[in-house]
1. Can you pull out the residues in segment 10-31 that are aromatic (F, W, Y) and touching a residue at least 12 places away in the same chain (Cβ under 8 Å)?
2. Filter segment 268-310 down to residues that are in contact (Cβ under 8 Å) with a residue 24 or more places away in the chain and among the polar types (S, T, N, Q) and give me whichever is surrounded by the most Cβ atoms within 10 Å (Cβ to Cβ).
3. Quick test for you: out of Y333, Y320, pick the one residue that is surrounded by 15 or more Cβ atoms within 10 Å (Cβ to Cβ), over 21 Å from the mean Cα position of the chain (by Cα), outside any loop (DSSP other than H, G, I, E, B) and of a type outside the set (V, I, T).
4. For segment 68-90, name all the residues that are under 18 Å from W250 (Cα atoms) and either touching an Asp or Glu at 6+ places or on another chain (Cβ under 9 Å) or among the hydroxyl-bearing types (S, T, Y) (or both).
5. Among the listed residues L209, L153, identify the single one that is under 22 Å from A26 (Cβ atoms) and touching a helix residue (DSSP H, G or I) at 6+ places or on another chain (Cβ under 8 Å).
6. Go through (1) surrounded by fewer than 17 Cβ atoms within 10 Å (Cβ to Cβ); (2) free of Cβ contacts under 8 Å to residues at least 24 places away in the same chain; (3) assigned by TED's automatic domain parsing to the domain that holds W206 for R7 and report which single condition fails.
7. Condition test on G213, is it under 30 Å from G314 (Cα atoms), at pLDDT 95 or above and surrounded by fewer than 21 Cβ atoms within 10 Å (Cβ to Cβ)?
8. Taking segment 58-101 on its own, how many of its residues are part of a strand (DSSP E or B) and among the polar types (S, T, N, Q)?
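The values are calculated or read from the model by the stated rules, or taken from the named source; none is laboratory data. All of these numbers come straight from a predicted model, not from anything done at the bench. Using ideal geometry, Cβ is built from the backbone for each residue, glycine included, and neighbour counts are taken over all protein chains shown.
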Amino acid sequence: MAIDALRTQQQADGAHFMLDDPTVAAHYGDSSSEYHAVLQGTALFETSGAGRIWLRDRDRAALLHRLSTNDIEHLTPGQGTQTVLTNHNGRIIDLLTVHGFADELLIVTSPRQGCTVLNILRKNIFFNDKVMIEDATETLGQFALYGPHSTTLLQQVTGMLLDDLPLHAIVTAAIGDTSLWIARIKPLGGMGFALYVPAERLALIWTTLVQAGAQPLGQIAYDCLRVEAGYGAYGRELSLDYIPLETGLWDAVSFTKGCYVGQEIIARMESRNRIAKHLCGLKLSGSVDAPRKLVVAGKDAGDLTSVVESPRLGLIGLAYVRHAHAAPGTQVYIADSAVTGEVVALPFVTDSGR
């Protein structure tokens, strides 16, 4: 299989895989070096665990438009956006990235959510809809490049200058004789790009990018950086426990597009300005596992969802904090521990996102 050749190359580059998920590289021997590569150079993160789905034919946009929070029908070729697949209570099923092409849409899911999203799309095709769905998870791989020198490296290997590519926009490119797509994504270290690569060329493109100067990035360092940037992860901040506005995903929600699944709940929350919880940062006084409940004066104050030890900031976390306690500087307590947390506005640092 094509992915096996990539795993072999990752191991040759020093990959140590997660014990609970042998498809994910925890680190490449030095998480601190990987972390600083994102801030000072270019880092290469393997993200093929996400699902990739093609939607084609006349009603491809209409299907996703009526199932998710953002305006999909007005996407033009080359444009992209994020949208949230929600249930009837407005709760998060998954955060999707959508790229527009002349005759198709490419949907990118969170890791391990491809089958879930695929099944929802298939179940919601109406009798007279004209939609073709193709699961491209096995045929199309995915990398992310992060860091301030990412555009320089991409120009070196593709000949294209991508500094002005809009967020989520996508272009066709080539590295050697391999044709692929490159899209702008939310940044870490000030810049971020996704590369969608034919599966049989993954190992080759990985090697080319590493030889050009990209530092392989493992999950441990990535999690530090995504928490610093305030980005939610599926199964942590992105779950059926929360509503997109609580997560701060305002850019992924249209308030003018009309009806979609869960729209009434989300629209009412926005119009009445009644957001029960807010995704915030926490500076922690000590080590603690997540998830945990937050408490203030013996009462439920929210949920601690992620904890990392940042090389720059020490122990920090992401948490959904109830509105009454969400002001920066407020102290909350982590349930069943002696650890306290100070509420911090997101992002923790500005160089991991803009």
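1. Restricting attention to segment 10-31, the residues satisfying the condition of being aromatic (F, W, Y) are 17, 28.
Of everything in segment 10-31, just one residue is aromatic (F, W, Y) and touching a residue at least 12 places away in the same chain (Cβ under 8 Å), namely Y28.
2. It comes out as T305.
3. Values: Y320 fails: over 21 Å from the mean Cα position of the chain (by Cα).
That would be Y333, the only listed residue that is surrounded by 15 or more Cβ atoms within 10 Å (Cβ to Cβ), over 21 Å from the mean Cα position of the chain (by Cα), outside any loop (DSSP other than H, G, I, E, B) and of a type outside the set (V, I, T).
4. Passing the criteria: S68, T69, N70, T81, Q82, T83, V84, L85, T86, G90.
5. On the way: L153 fails: under 22 Å from A26 (Cβ atoms).
So the residue among L209, L153 that is under 22 Å from A26 (Cβ atoms) and touching a helix residue (DSSP H, G or I) at 6+ places or on another chain (Cβ under 8 Å) is L209.
6. Failing condition for R7: (1).
7. Considered against the rule, which asks whether it is under 30 Å from G314 (Cα atoms), at pLDDT 95 or above and surrounded by fewer than 21 Cβ atoms within 10 Å (Cβ to Cβ), G213 comes out as yes.
8. As a first pass, look at segment 58-101 and keep what is part of a strand (DSSP E or B): 68, 80-86, 92-100.
Right, trim to among the polar types (S, T, N, Q) and you get 68, 81-83, 86, 97.
Of the residues in that region, 6 qualify.
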